[in-house]
Every structure is written in C-alpha cells, then in structure tokens.
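Undergrad: Submitted below is the structure of interest, expressed as structure tokens.
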Amino acid sequence: MDQLNKSLTPVRFVDSQRVQSPAIKHDANLASCKAKLQGLVANLQANYAKWQMAQQRGTSLCYAIEARKTRCYDNADNGYFPEDLHMSCDKLAIITSIFVDIFTNTREILRQLRGLTLLAGITSNVIFYRTWKLTEYVSFTEELVKRYRQESMVKQHVMRNIAHSTSRAQLIAHTTKWEFPEHVDAYVNLVFLLLAEEVKP
C-alpha cells in the first residue's frame with residue numbers, strides 16, 4: 001500500500017508526446033500492448049462508474065427501508081417486517097449483486113494486466129501514456145480488487161440485515177455503513193482521477 005501511494009503521487013504532467021517512448025510507434029508488440037492496456041483501463045473506468053451509480057441507488061434504498069421500518073416501531077400491528085418492504089429489499093439485493101459482478105470483472109482485468117506485463121517482457125517499464133509503467137497499473141488494480149472485495153462484503157451484510165433490524169440504532173448503523181464506504185472511498189476516487197489524467201489524449 002505504501003509503495004502504491006508513493007508511485008501514484010500526483011505529479012505535474014508534461015506533454016504526453018514528449019514522455020511516451022518513440023519505440024511504441026514502431027514496435028508492433030508495444031503498439032499491441034498499448035491497445036490492450038487502453039481497453040483494460042476503459043473497463044476499469046466503466047466498472048467504477050457503475051459502482052458509483054450502484055452506491056447511490058443503494059443508499060436511497062437503505063433510506064427507504066429505514067423510513068419504513070421506523071414507522072413499524074410506532075405501530076406494533078405491522079410487525080417488524082411489513083409486506084411492502086419486500087420490494088425495496090429485492091431491489092437492494094439486485095444492487096448488491098452488481099458490486100459482486102464488478103469485483104469479479106475487475107479480478108479478471110487484473111489477470112489480463114498481469115498477462116500483459118508478461119507479454120511486454122523487458123519493455124514493461126515503457127511509459128505508454130504520461131508517467132505510469134505497466135507495473136503501476138497492476139499495483140493499482142491489485143489494490144482495487146482487494147477494496148472491491150472488502151466493500152462488497154459490507155454491502156452484502158447490510159443487504160441481509162437492514163430489514164431485520166429491531167431498533168432505530170441498528171437501522172442507522174446499517175444505512176451509515178452503506179452510505180459511507182470504508183474501502184471504496186475518497187482515496188479510490190482520487191486515484192481514478194489521476195488515472196483519467198494519465199490516459200487523457
């Protein structure tokens with residue numbers, strides 16, 4: 001983690017044409033590696049955009065469940081799991097499955113990035129865009145896979161338990177865990193901003 005933080009420290013970017021190795025234009029293997037890297041990075045960015053959308057939608061559902069459950073506590077006749085709560089819970093389960101899919105997809109991207117590093121061989125130290133080497137893409141994706149896995153486990157826990165909360169405090173705790181992610185946090189967002197700047201044409 002310390003190594004990743006050091007390697008991804010914000011820097012002043014210079015013109016990419018001057019930083020990028022001239023050999024990329026003339027070496028078919030390097031050109032192929034760059035094309036594959038471009039596709040993998042695009043997939044990483046698309047997955048993160050989907051994660052953010054799912055995060056927002058899930059937060060809204062958690063608040064809806066919290067509000068409905070709170071009303072139940074004031075009316076014992078409704079019980080702790082009213083029938084109209086099922087729809088929100090089913091939607092939250094679907095949202096949670098999206099996080100698992102993103103984790104699985106990102107793990108596959110990591111596998112392909114590692115393979116790309118082997119394909120590049122001794123040229124894996126070539127800078128394809130501005131400042132990152134192939135190994136830095138791998139390091140970031142390794143960290144991202146770990147964070148996605150941890151956060152998706154939190155989401156699954158909330159999804160399975162929020163509707164069965166027996167107190168207002170439990171409801172708030174579950175909603176808070178979802179709304180303020182511990183693992184896919186501001187740091188991840190920052191690195192994606194750096195990544196976008198790194199590969200910007």
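Undergrad: If only one of A31, A42, A76, A46 is loosely packed, with under 15 Cβ neighbours inside 10 Å, modelled with pLDDT under 90 and out of contact with any helix residue (DSSP H, G or I) (no Cβ under 9 Å at 6 or more places or on another chain), which one is it?
TA: A76 is the lone residue from the list that is loosely packed, with under 15 Cβ neighbours inside 10 Å, modelled with pLDDT under 90 and out of contact with any helix residue (DSSP H, G or I) (no Cβ under 9 Å at 6 or more places or on another chain).
Undergrad: Find the residue count for the range 105-127, including only residues that are at pLDDT 95 or above and either β-branched (V, I, T) or touching an Asp or Glu at 6+ places or on another chain (Cβ under 7 Å) (or both).
TA: The number of residues fulfilling the criteria is 3.
Undergrad: Now for a different question. Across the range 137-160, what is the total count of residues that are touching a residue at least 60 places away in the same chain (Cβ under 8 Å) and within 13 Å of L40 (Cβ to Cβ)?
TA: 4
Undergrad: Those residues that are over 22 Å from Q38 (Cα atoms), surrounded by fewer than 19 Cβ atoms within 10 Å (Cβ to Cβ) and of a type in the set (D, E, K, R), I need them from the range 148-201; list them, please.
TA: R149, R160, R168, K177, E179, E182, D185
Undergrad: For the range 126-136: of the residues being in contact (Cβ under 8 Å) with a residue 40 or more places away in the chain and assigned to a helix (DSSP H, G or I), which is surrounded by the fewest Cβ atoms within 10 Å (Cβ to Cβ)?
TA: Taking the range 126-136 as the starting set, the residues that turn out to be in contact (Cβ under 8 Å) with a residue 40 or more places away in the chain are 126-132, 134, 136.
Checking the rest, the ones that are also assigned to a helix (DSSP H, G or I) come to 134, 136.
Numbers: L134: 23, E136: 17.
Ranking the qualifying residues of the range 126-136, first place goes to E136.
Undergrad: Would you confirm whether or not the range 151-159 contains a residue that is among the charged types (D, E, K, R), at pLDDT 95 or above and under 19 Å from D101 (Cβ atoms)?
TA: To start, the set of residues in the range 151-159 that are among the charged types (D, E, K, R) comprises 151, 155.
In the following step, the residues that additionally are at pLDDT 95 or above were identified as 151, 155.
From the residues that got through so far, the ones that are under 19 Å from D101 (Cβ atoms) too are 151, 155.
Yes: one or more hits.
Undergrad: Six or more apart or on different chains, Cβ atoms under 9 Å: show the pairs whose first residue is in the range 34-61 and over 19 Å from P201 (Cβ atoms) and whose second is modelled with pLDDT under 95 and polar (S, T, N, Q).
TA: From residues that are over 19 Å from P201 (Cβ atoms), the pairs are L61/S88.
Undergrad: Considering only residues that are touching a Phe, Trp or Tyr at 6+ places or on another chain (Cβ under 9 Å) and either among the acidic types (D, E) or closer than 24 Å to T131 by Cβ (or both), which ones fall in the range 159-183?
TA: Once the filter is applied, which keeps residues that are touching a Phe, Trp or Tyr at 6+ places or on another chain (Cβ under 9 Å) and either among the acidic types (D, E) or closer than 24 Å to T131 by Cβ (or both), the range 159-183 yields only E179.
Undergrad: Looking for whichever is more than 19 Å from S97 (Cα to Cα), modelled with pLDDT under 95 and in a helix (DSSP H, G or I) here; the options are A169, A196, A173. Which one fits?
TA: Working: A196 fails: modelled with pLDDT under 95; A173 fails: modelled with pLDDT under 95.
So the residue among A169, A196, A173 that is more than 19 Å from S97 (Cα to Cα), modelled with pLDDT under 95 and in a helix (DSSP H, G or I) is A169.
Undergrad: Checking V100 against (1) among the aliphatic types (A, V, I, L, M); (2) under 23 Å from A31 (Cβ atoms); (3) surrounded by 15 or more Cβ atoms within 10 Å (Cβ to Cβ), only one condition comes out false. Which one?
TA: Condition not satisfied by V100: (2).
Undergrad: With R160, R147 as the choices, which residue is within 13 Å of the chain's Cα centre (by Cα), assigned to a helix (DSSP H, G or I), of a type in the set (K, R) and closer than 26 Å to K91 by Cβ?
TA: Working: R160 fails: within 13 Å of the chain's Cα centre (by Cα).
Only one candidate passes the filter, namely R147.
The values are calculated or read from the model by the stated rules, or taken from the named source; none is laboratory data. Fair warning: this is a prediction, and the values are worked out from it, not measured in the lab. Glycine gets a Cβ as well: all are built from the backbone with ideal geometry, and neighbour counts include every protein chain shown.
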